[in-house]
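FYI, it's all coordinate maths here, none of it is from the lab. Bear in mind the structure is a predicted one, so any value in this text is a computation, not a measurement. Cβ: placed from backbone, ideal geometry, glycine included. Neighbour counts: every protein chain shown.
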Amino acid sequence: MTSGTVTDGAALREPHTPDSRLGHGADYLHAEHTLRSWFFTTDHKRIALLYLASITAFFVIGAVTAGLVRLALVVPNGQVFTNDTYNKLFTIHGVVMVWFFLIPSIPATFGNFLIPLMIGARDLAFPKLNLASWYVFMTGAFFTLVSVVLGGVDTGWTFYTPLSTAFSNTWVVPALIGVTIVGFSSILTGLNFVVTIHTMRAPGMTWFRLPIFVWTHYATSLIFLLATPVITVALILLIAERAFHIGVFDPAYGGDPVLFQHLFWFYSHPAVYIMVLPGMGVISEIVPAFAQKKLFGYKFVAYAAIGLASVTFFVWGHHMFVNGQSDFASVAFSVLSFAVAVPSAVKVYNWTATIHKGSLKLDTPMLYAMGYIGLFVLGGLTGLYLATLAINQHVHATYFVVAHFHYIMVGGTVLAFLGGLHFWWPKITGRMYIEAWGRISAFLIFIGFNVTFFPQFILGYLGMPRRYHVYPPEFQFLNILSSAGSTILAVGYIFPMVYLVYSIWFGKRAQANPWDARGLEWTVPSPPPAHNFLTEPVAPKVPYDYPIQARETGRQHS
Amino acid sequence: MNPTDLALQLWPAAASATAVETDWLILAFTVLTLLLTVPVFVAITWFAIRYRQGEEADRSHGNTRSVLIEISWMLIPFLLTLIFFVWGARLFFISKQVPGDAMVVEAIGRQWMWKFQHPTGQSEINDLHLPIGQPIKIRMISQDVIHNLYLPALRMQMATLPDRYTEMWFKADRTGSYRLYCSEYCGTDHSKMDGNLTLMTQADYAAWLQNAGAQQGGQAGAGRAIYESYGCGTCHDPGAKVRAPSLAGLYGSEVKLADGRTVTADETYLRDKILNPNRQKLAADYKQVMPAFRNVIPNDDLDRLVSYLKSGRATAQQDASP
């Protein structure tokens, strides 16, 4: 160990660090112990944990409200809650899950923790901005929680006008302020990632030596930067209209209600890829590690991430085929939406080809990854059904849509998040969880998820509209099945919360590289030292330098 | 067939040729989906077993023509799915070309009821009776927020907007009773904004129009829907949060007013109280909190609402409601 390189950065901040602390237990978790050292930290790893704790709390709120929604739907006559309470429950579920869990989930935790480690940097480019983005996030969360405590919101997470501006009698404005503020935290995080990936790569870490995880986060950051300002503008106009009757969307004041939908989906469709792309990055790390084989088609997978992030800006109109947009626009948005299938297929087929002739270990992260591929494929292809104009005229705004986007967001993002959590848990905490429990919960989540959401495809095709508290009795059987599945899913979620927390104190200590994986993050001790690298990181000549390599001709790595 | 007959349904009834073709479209798309996904699922499972660590297996790789492979699995599934884009777009365009001889039905959506008006002038609330074998165009608008008229048996829906007319057309070919819904979330009682679509032969439809079935239980029956849509029950139903006088059995009774007078609750009294509750005539022991409905409730609705309150059904309905 050369202590000189370690202290380069450390010396600036902590001139009196005794040599004996360096490399001995001075990992980022134990470097300092005060509350102040957590809440005012600029260490990307600690900020990642602040985010992890916050989004886990929001996940619990979102999951409990989802459970209450499923409880209400066990009976068709809406006797469990009043209609208003039910409407508030699904609104809180949607708002919290989308803006306070799914969007920050993987980027703000794993992205924050891993991007500097993966590219061989000491921190993100703007550590203070990184901390500020967490405070901005919590400020937005505060406003949204205030609206819930005061009595809730009943507009649905989509805030369609003029319901949200002129007709709802609930706490819409604080909720909108909260969501608007959270957007700024996304923008700051995206900016930080883009600058970091451009300027802070270790010597020799060229673009085509970066892990796919970094590529997908780069693509995600571009969406953060380019799409989020649009929703910010739209939400501010919404607040202005509700509070000051400035006519933008409400026809009573000369506005156009469909304009809001255009602005909303111009952000919210790309936001789907904010949720999906980081998950694809996680899966692209897990699959090669557990197949011990180089990722198949590396460059295609990398370009596919950028491709998805680009195409996604041109498909927002597919949410509005029956909402009064022009027929020509509908046809154009339909065919453009089919184009999304191209980069998505690249990802799935390349993961499958990576498994081919590998040497597979079916540990917990790999089980999540395999579950992810199956559910993402189904979610993606049902997305094409919805992009088909004639089918959309029937299943728009039914449970078919609900099932489709839960396959993408739970089957995709949540499974990738849990897979990533299990994969990098030893690195983050320095502890191993109990493998058997990990596998059991992965199975429970996969089974529970499918029992919950597959019946909803059928319900939707039968014509059950979404956001219905009272529904016709012929739909009851499938609704009970779906609610039963959600209890299995709930058990699957509770298990990891218990055994992962347990492992922090009682788990076996983790080695630097427990999965025999490649990538710079596995070259540092677990948990990593406060300043990441003890020696100057050396970029590998080839990304995913695993023992098994398919000889791919027709192109070469730089 | 009555839609409530079945506890478990797996395929929705189709009442038009377009609905049947939409079903074929989704079935054919499902076949393609299976062709594209089953190999992936089988491959992942097979590889997981065959190449599990410690299993003896041939792991040697020849030269893989990866560019060729990548291009083919990018383009082949895409081109196959485009067939369904074209098919779906064709059906969509047919659904936008309204035939010249279509019968025009007007629909108005509002929180939380549908009102339909037939070309011969009859109107009905929440339920819609239509003839088969005849192109029908529904021209619709909303009085408040965005709603969406959804007729699953015809595989059709269209938003009703507050600022302009939208339309949908279809030609049904199977009689029966089917559901109709509002599918765009529109506030508190969104899930109660549904009703029945009854498709009848042209002769039955003509007879139904004649027999004033369109009145749907008369003015009073429609009045109940209006009572709900204006949220009267939020304050006036027994057990409501805001304490307001019960309307059960009000009509014809003697009402003691706050200024000591006693009046008979006749039709004029009901009208005055709805349109301008602030004027006077405040019932004893109550505070003035009710908003005025002058310029809010149209005259035809007010007639129905008063009929409903007069009918005495307010008692039975309110006792029955949870």
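Structure notes:
- Calculated [222 nm] ellipticity per residue, helices only, for chain A: -21000 deg cm²/dmol; basis is -39500 (n - 2.57) per DSSP H run with n ≥ 4, divided by all residues, nearest 500.
- Farthest positive-ward along chain A dipole, Cα basis, beta-carbon charges - from A:107, A:507, A:371: A:507
- Filter on A:128/A:508; B:137/B:192; A:357/A:508 - keep pairs with C-alpha separation over 30 Å: A:128/A:508; A:357/A:508
- Taking B:122, B:111, B:157 in turn, the Gaussian network model of chain B (Cα-Cα springs below 10 Å) assigns the largest fluctuation to B:122.
- Counting charges near residue A:251 (Lys, Arg +1; Asp, Glu -1) among other residues having Cβ under 13 Å from its Cβ returns a value of -4.
- Cβ-Cβ FRET estimate between residue B:246 and residue A:208, R0 fixed at 56 Å, reported to 0.05: 0.15
- Residue exposure proxy: A:483, B:123, ordered by other Cβ atoms within 10 angstrom of their Cβ from fewest to most, comes out as B:123, A:483.
- Positive-end ranking of A:440, A:526, A:385 along the dipole of chain A, with charges on Cβ about the Cα centre, is headed by A:526.
- The protein assembly as shown - Rg over Rh from alpha carbon coordinates, Kirkwood radius: 1.02
- Debye, to nearest 20: dipole size of chain B, +1 on Lys, Arg Cβ, -1 on Asp, Glu Cβ: 520 debye
- Cβ-to-Cβ counts within 10 Å put A:54, A:482 in ascending order as A:54, A:482, the fewest first.
- Top positive-direction residue, dipole computed over the protein assembly as shown with Cβ charges, set B:230, B:54, A:62: B:54
- 0 to 90° range, to nearest 10: angle between helix A:364-387 axis and chain A longest Cα axis: 30 degrees
- Net +/- balance of residues flanking residue A:304 in space, Cβ distance below 12 Å, scoring K and R +1, D and E -1: +1
- Reciprocal of mean inverse Cα separation for region A:42-523 (Kirkwood radius, Å): 22.8 Å
- Ellipticity estimate at 222 nm from DSSP helix runs (n ≥ 4, -39,500 (n - 2.57)) divided over chain B, nearest 500: -12000 deg cm²/dmol
- Modelled FRET efficiency - R0 60 Å, residue A:198 with residue B:49, Cβ distances, 0.05 increments: 0.90
- Cα→Cβ-extended label distance, 7 Å offset, between residue B:86 and residue A:57, nm: 5.6 nm
- Between residue A:434 and residue A:126, the modelled label-to-label distance comes to 4.5 nm, taking each label 7 Å out from Cα in the direction of the beta carbon.
- Two-site FRET efficiency, residue B:20 against residue A:259, from Cβ-Cβ distance with R₀ of 51 Å, rounded to 0.05: 0.90
- Angle in degrees between helix A:415-429 and the longest Cα principal axis of chain A, rounded to the nearest 10: 30 degrees
- Cβ-placed point charges (K, R +1; D, E -1), dipole of region A:327-483 about Cα centre in debye, nearest 20: 440 debye
- Crossing angle, helix A:83-95 versus chain A [Cα axis fit, 0-90 degrees, rounded to tens]: 30 degrees
- By the count of other C-beta atoms within 10 Å, a proxy for reagent exposure, B:293, A:506, A:338 are ordered fewest to most as A:506, B:293, A:338.
- A simple spin-label model places pseudo-atoms 7 Å from Cα toward Cβ; at residue A:535 and residue B:285 they are separated by 9.0 nm.
- Counting only residues at least eight positions apart within a chain, or on another chain, the aspartates and glutamates with an alpha carbon under 17 Å from that of residue B:256 are B:266, B:267, B:272, B:285.
- Other residues within the sphere of radius under 11 Å centred on the Cβ of residue B:106, judged by their own Cβ, net out at +2 (K and R +1, D and E -1).
- Length available on full extension from residue A:82 to residue A:484: 0.36 nm per residue minus the Cα-Cα distance, which gives 142.5 nm.
- Simple Cβ-charge dipole of the protein assembly as shown, Lys/Arg +1 and Asp/Glu -1, about Cα centre, in debye nearest 20: 1520 debye
- Longest stretch of chain B clear of exposed loop sites (trypsin sites (Lys or Arg not before Pro), DSSP loop, at most 13 other Cβ atoms within 10 Å, sites excluded): B:1-95.
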